[in-house]
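Step one of this worksheet: look at the structure below.
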Amino acid sequence: MLKFISFGSGSSGNSYFLYTETDGLLIDAGVGVRALKRHFKEYGLSLSNVKNILVTHDHADHVRCVGNLSRDYDIPVYATERVHQGIRNNYCVKCKISPERTKIIEKGSTFQINDFTITSFGVPHDSTDCVGYQVRYNDVCFVVMTDVGHVTDEMKPFIASANYLVIEANHDEEMLLRGSYPKHLQQRILSDNGHLSNYNCGVAITENATPELKHVWLCHISEDNNHPELARKTVEQVLRSHGIIAGTDFQLEVLRRKIPSEIYDLV
Ligand SMILES: [Zn+2]
Ligand SMILES: [Zn+2]
C-alpha cells in the first residue's frame with residue numbers, strides 16, 4: 001500500500017505525508033507540531049510513523065516546525081545544502097536541526113530512502129533554494145512541485161512522469177492585480193521566482209501530462225488572491241480547451257489551506 005495525506009497547503013503551513021505499512025515520508029514541516037500530532041491521531045497515525053522528512057525550501061510556511069519535529073521524534077531531514085543553510089538562518093525556525101540529522105542532497109540527484117527512490121529537481125522561487133521531488137515506490141510515481149515561479153524545461157519531464165501530481169495553483173492573476181496587495185508584493189508573486197497562477201498551472205498540466213496521470217492535487221492556494229473553486233475551474237477550462245477532461249482523464253482536486261485532506265490510496 002501507499003497512501004497520501006495533505007495536512008495543510010498554503011502560506012499558513014505546508015505538510016504532505018506519503019506512507020506505507022512500515023515507512024513514512026513527510027514532505028515539508030510547516031504545520032505546527034501540536035496540530036500535526038492531533039491530525040495524525042485523527043487518522044489513526046502517530047508522528048512516530050514519520051521516518052524521514054524532505055524539505056522543498058526554507059520559507060517559514062514549509063519549515064517552521066522542522067527542527068522540533070526532527071528533535072522530538074529523532075527524524076533525519078533531507079534538503080539541499082543551501083536549504084539547510086537557509087533553515088539555520090531562518091529566525092522563524094526556533095529549534096534547529098542537529099548535525100547528525102542533517103542530510104544533504106544534491107539538486108537533480110536520485111537517492112534512496114528505504115523503498116522510496118527519490119529524485120529532486122530545481123524549482124525557481126525566491127527562497128535560498130527550492131526543489132521539487134519525484135518519489136517512486138514500486139511502479140508508482142508521485143511528484144510534488146510547490147512554490148513555483150514558473151515551470152522550467154527541467155521540471156516538465158517530472159510532470160510527464162507523474163501518476164500522482166501535487167502542483168501549485170497559487171493565484172488568479174486578475175484577483176491578485178485587483179486585490180489589496182501592494183504593488184511590490186504583486187510583482188514578487190507574478191515574477192519568474194514567485195508563485196504559479198491557476199492559468200499557468202493549467203497550461204503546465206495540459207502540455208506535459210501523459211495518459212499515466214491518475215490524480216492531480218492543486219496546492220498552495222492563496223487565501224486573498226484565489227478561491228478553491230476558481231482554481232479548479234480555471235485549470236479545468238485550460239485542460240478542456242485542449243480536449244482533456246478532468247474527472248475522466250484523471251481526477252482533479254484542490255488541497256485546502258488548513259483542513260487536512262482525506263486519505264488517498266495510491267496503491
Ligand atoms: Zn510556501
Ligand atoms: Zn515559498
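Annotations
- Any chance Asn49 is at pLDDT 95 or above, away from ligand 2 (no atom under 16 Å from the Cβ) and of a type in the set (S, T, N, Q): yes
- Taken as a whole, the structure leaves Val33 outside the set of residues that are aliphatic (A, V, I, L, M) and within 16 Å of ligand 1 (Cβ to nearest atom).
- Scan the stretch 36-58 for residues that are under 17 Å from Gly10 (Cβ atoms) and either surrounded by fewer than 24 Cβ atoms within 10 Å (Cβ to Cβ) or more than 12 Å from ligand 1 (Cβ to nearest atom) (or both) and the total you get is 2.
- The residue pairs whose first member lies in the stretch 194-221 and is under 19 Å from Arg136 (Cα atoms), whose second member is among the polar types (S, T, N, Q) and buried (at least 21 other Cβ atoms within 10 Å of the Cβ), and whose beta carbons are closer than 9 Å, counting only pairs six or more residues apart or on different chains, are Trp217/Ser6; Trp217/Ser9.
- Of all the criteria given as (1) under 30 Å from Glu106 (Cα atoms); (2) in contact with a strand residue (DSSP E or B) (Cβ under 7 Å, 6 or more places away or on another chain), the one not satisfied by Glu236 is (1).
- Among (1) out of contact with any Asp or Glu (no Cβ under 9 Å at 6 or more places or on another chain); (2) closer than 17 Å to Tyr91 by Cα; (3) surrounded by 24 or more Cβ atoms within 10 Å (Cβ to Cβ), the one test that Phe7 misses: (2)
- Only a single criterion out of (1) buried (at least 20 other Cβ atoms within 10 Å of the Cβ); (2) within 23 Å of Asn170 (Cα to Cα) is not satisfied by Gly67, namely (2).
- Subset of the stretch 60-75 that is of a type outside the set (Val, Ile, Thr) and closer than 13 Å to Ser9 by Cα - its residue that is farthest from ligand 1 (Cβ to nearest atom): Ala60
- Segments classed as strands (runs of 3 or more DSSP E), wholly inside the stretch 110-158, with at least 2 members that are surrounded by fewer than 18 Cβ atoms within 10 Å (Cβ to Cβ) and without any contact (Cβ under 8 Å) to a residue 60 or more places away in the chain: 110-113, 116-122
- Set Glu212, Glu168: member being within 20 Å of Gly132 (Cβ to Cβ) and within 17 Å of the chain's Cα centre (by Cα): Glu168
- Condition check for Ser109: among the hydroxyl-bearing types (Ser, Thr, Tyr) and within 16 Å of ligand 2 (Cβ to nearest atom): no
- Selection status of Tyr181, away from ligand 2 (no atom under 16 Å from the Cβ), at pLDDT 95 or above and on the phi < 0 side of the Ramachandran plot: no
- Some residue of the stretch 178-185 being of a type in the set (D, E, K, R), over 16 Å from the mean Cα position of the chain (by Cα) and farther than 19 Å from Glu253 by Cβ: yes
The values are calculated or read from the model by the stated rules, or taken from the named source; none is laboratory data. Remember, it's a predicted structure, so these values are computed and weren't measured experimentally. All Cβ positions, glycine included, derive from the backbone under ideal geometry; neighbour counts span all protein chains shown.
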